[in-house]
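In what follows, a single structure is set out as structure tokens and then discussed.
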Amino acid sequence: MTMAASRHSDARQFGAHAPEVEERLALLAEASRVLADASLEPPAVMERLCALVVPLLGAACTLRLVSDDGQWLRTVASAAATPEARRLFQTLSPPAVRADEGPSHEVLRTGEALWVPDLDPQSLREWLPPQQHGLLKDFPFTRMMVLPLRARGRSLGTLTVWKDPAEAEHTVDAGEQLLLQELADRAALALDVARAYAAEKQARQAAEVAAGRLARLQRVTAELSRVLSAERVADVIVEQGVEAVGAARGVLWVVEGDHARLLRCSGYEDPEAFQKSFGRLSLDGDHPVKDAIREARPIWVESPEAMADRYPELDVIRSQTMRAPSPASTCLPLLAEGRVLGVLLFAFTEPRVFAPDERAFLELLAHHAGQAMARARLLEQEQRARAELAEVNERLAAIIQASPASIILVDSNGTVRMWNPAAERIFGWKPEEVMGKVLPVVPTDKQGEFRRNLEKAGRGESLGGAVMRRQRKDGTPLQVALWTALVQPSGGGPEQVLSMAVDVTERHRSEAAQHFLAEAGGVLAASLEQEQTLERVAHLAVPSYAESCGVFLTDPDGTVRCVASAHEDAGLRSHDGHPAPGLVVVSRVVASNEAELRTGTSTDTPECARRPGATGVCSWLCVPLQVRGQTLGALTFATSRRDYDAQDLSLAQELARRAALAIDNARLYHEARQAIRLREEFLSIASHELKTPISALQLQVQSLMAGLARAPSGLTPERLGRALEVVDRQVKRQTQLIHELLDVSRISAGRLELSPEPLDLSAMVREVVERFEPELERTGTRLELSLAPESLGLWDKLRIDQVLTNLVSNAVKYGRGNPVHVVVTSLEDAVRVEVRDSGIGIGEEHLSRLFHRFERAVSERNYGGFGLGLWISRQIVEAMGGHITVRSELGVGSTFTVELPRPRA
Ligand code: ADP
């Protein structure tokens, strides 16, 4: 801009039409009065100043103030003397001009007024927009004075005074300039004061706002400090927060894993619809709530445009779901220890710019809400943890109460601190008898071990099911399996040892019993020799189960014998010298088949002969040995160490069962061996026996044939007769042997058929004896008969013949030629036949088995025979309801007696 300008420190250069001195003074006085009004607002100061300047000192004036950043001079007031000029100035005055160029810059820089006598219209053009250039042709002002508005050493702006174009060549005189500067300075001062006043007022207002906010914040935080749950935090912060920040709506969501859950909302006309749309928000996607959570910073939306711009999708949803979506809102993350716990939304009814102090206030509110939320969560967690702990404790207490194992807590010195019902059950002491006292369950000889185990437990070495000996209150010994663990009392204090024990006494006992039985089974199975086996069985029970053990067997005649026994050094015996309780008890048990058990002291068990002076327990057991419904004998056990009980009894019975089986097996084995031996013997005899008659037969036939060949005439009828007699005898003998064999198989197969018919036994005897005459003659045996006159009955004739033949034949055969007596006696309802000889007799050992199959009392070398005759005879007699017996003495002779019942007529 080019202009003719000069600095006028010299006031004389101003024009002659300056106001008179009086006028000036009056003006100044007026200025002082007007500007001194302390209540003036800055705009009023400007207006007043302009009113003082125009029209007296200029045709128009413009007042400009430096902008806050010092870049601009803003037009704040103007005045013009005429309405036309006012319109012109209003139109043409730019709202602001640059402060760093043109005359104003000069004035501001120097702080001195500048007189511009002839303003170049071109320079004005530069100030104005092109569409206003047309107006400049009517613009008559070309002279102006620019004055600084000075206050406290700096220029606040400029006052431009335009001189009236009509006053041609008029210059501003010194007085006028001074007056103008004086007015400008006064105005500047007043402005400064007004500004200070305004600033002070604004500061006061800001302080009041801040104080109000503070009060509201305090109310909210005070309320928050009282609430204990996240839900209540949400209630308070939403309800009171909305009021405190002047919002229309408020919502609080809590973050739960990968989503946010709405806890509370307020101010929505349809909360349910809102809840439906925004009740659960996943954390991905575009949404101010989600952004606030994800970015952990507040999101400010100041206008609907900003919302549409930044969250277009949400904007659509909002307009669909809400009648009046809020034009401005903020989403504030609820932070605690760097974590986002939730988000708080406030929505406002008007678009708004969130000023820094308001933002700070909202953030502070959110901060307090975050803290309260964190507190509530902690509290809830703690309450939950407490409840869980209480539940765990309750459960633990129930377990301890219901535990089948004893649970005991002891101090490091063994003092009992806990004693559960199972401990009372197992050991017998009540809690009040043991609590606070040293554990009484440890036997004296185990105290050392107990202390060592406590020390070990203290070092963390626990027991894991170790079997220990303990005692009950009544002194009964116990076996327990024990587990220990070191525990730290929750309330502090020295460490304690927790022990759990299970009573394994019975288990151990039954294991031992099983073991014993298994061992016994092994021993019993090891041998089939009866004596040896029984001896071992007796020894098996001593000393683990008894001090003395006896094995008794019954003889065929019913007498009881002790066949094996075992004793400890001072084993218990009965008065009869047998293992206790002695023969009387054993016989009783064998007879009754009932086991007997006695417990108590010696007085209760007089059966036992004790050492002199011995006192205390004496207990015995006697169990029958039974097998296949037969009682073979009995086993006895006696001890002075403890009382036998039901378990011992059943163990003894089990052992007896097995022993009886073993004895039976041994017997059967023995019999089987005997039977095999007899069968083999029989086979050799049978072949010999069958061969002998054939050889004799063959001899006779051969000699007859040889005689016939040599000299047929030499075969006299006598010789032929003798030979044929031999042949006949041998054939008969052969036939008899074969019959015997056939009988055996018939009888064995149960096919012995009887055909009873009226029979006189004496006549029958006579008939049989007659048949023996050649034999008697041959052996030189005398036979004497003593026959009852009346001996009738109903019997099978052929079979009776067979029995009598066998008995007479044996008497002749084994009679050594001595006389044989056959006596038939008639009894009341039976007939008796006795066949008596004075021959070789039979050894006692053979007598019992004489009537068994293949049994022979003599060697086959001396006497032939199958050893079947007596067996067959017995089968026949017994089939007829009678019986056959023998009395014999070796070397003296034998008497066989048959008694046959006579059916009553
Ligand atoms: P055997 O055919 O062997 O005679 P038995 O069954 O009739 O068969 O007799 C069995 C055994 O009894 C005979 O082997 C014998 O040892 C003995 N015995 C039978 N009768 C007499 C008797 N009268 N005197 C002596 N021993 C006899």
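Some values worked out for this structure:
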quantity	calculated
Scaled radius of gyration (Cα, divided by 2.2 N^0.38 Å) that the stretch 278-331 gives	1.07
Kirkwood-Stokes translational diffusion coefficient of the stretch 118-162, alpha-carbon pairs, 20 °C, 1.002 mPa s, µm²/s	175 µm²/s
For the stretch 623-666, convex hull volume per residue from C-alpha positions, Å³	64 Å³
Helix-only mean residue ellipticity at 222 nm for the chain, each DSSP H run of n ≥ 4 adding -39500 (n - 2.57), per residue, nearest 500	-15500 deg cm²/dmol
Considering only the stretch 755-905, percent of DSSP beta bridges that pair antiparallel, nearest 5	85 percent
DSSP-assigned coil residues among trypsin sites (Lys or Arg not before Pro) in the stretch 226-332, each with at most 15 further Cβ atoms within 10 Å	Arg323
Ellipsoid equivalent to the stretch 33-89 - semi-axes via the Cα gyration tensor, in Å	20, 17, 8
For the stretch 305-347, with +1 on Lys and Arg beta carbons and -1 on Asp and Glu, the positive-most of Leu314, Ala328, Leu345 along the dipole	Leu345
Mean separation of Cα contacts under 8 Å (6+ apart) over length of the stretch 781-905, as relative contact order %	29 percent
For the stretch 271-304 and the stretch 534-586, distance of Cα centres in Å	99 Å
Mean-position separation - Cα centroids, the stretch 49-100 and the stretch 439-482, in angstrom	111 Å
Stokes-Einstein D for the stretch 480-552, Kirkwood Rh over Cα pairs, 37 °C, 0.692 mPa s (µm²/s)	206 µm²/s
Simple Cβ-charge dipole of the chain, Lys/Arg +1 and Asp/Glu -1, about Cα centre, in debye nearest 20	2820 debye
Tail fraction, Cα-Cα pairs, the stretch 24-164, threshold 23 Å, whole percent	32 percent
Enclosed volume per residue, in Å³, of the convex hull spanned by Cα atoms of the chain	436 Å³
Inter-part distance where the stretch 643-685 and the stretch 794-812 are each reduced to a Cα centre, Å	38 Å
Farthest toward positive dipole pole in the stretch 216-298 [+1 Lys/Arg, -1 Asp/Glu at C-beta], among Val227, Ser277, Ala296	Val227
The chain - percent relative contact order, Cα under 8 Å, separation 6 or more	5 percent
Average projected area [Cα convex hull, the stretch 406-461], square nanometres	3.7 nm²
Most to least packed among 747-754, 410-417 [average Cβ atoms within 10 Å]	410-417, 747-754
In the stretch 389-477, GluC sites (Glu not before Pro) in a DSSP loop with at most 13 other beta-carbon atoms within 10 Å	Glu461
Debye log10 I(q)/I(0) for the stretch 407-565, one point scatterer per Cα, at q = 0.08, 0.20 Å⁻¹	-0.41, -1.21
Summed side-chain charge close to Val803 - residues other than Val803 whose Cβ falls under 12 Å, Lys, Arg +1, Asp, Glu -1	-2
Stokes-Einstein diffusion coefficient of the stretch 702-849, Kirkwood radius over Cα pairs, 25 °C, 0.890 mPa s, in µm²/s	136 µm²/s
DSSP-assigned coil residues among GluC sites (Glu not before Pro) in the stretch 217-316, each with at most 13 further Cβ atoms within 10 Å	Glu269
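Bear in mind that the values in this text are calculations on the coordinates, not laboratory data. Computed from a predicted model, the values in this text were never measured in an experiment. Please note: Cβ atoms are built from the backbone with ideal geometry, for glycine as well, and neighbour counts cover all protein chains shown.
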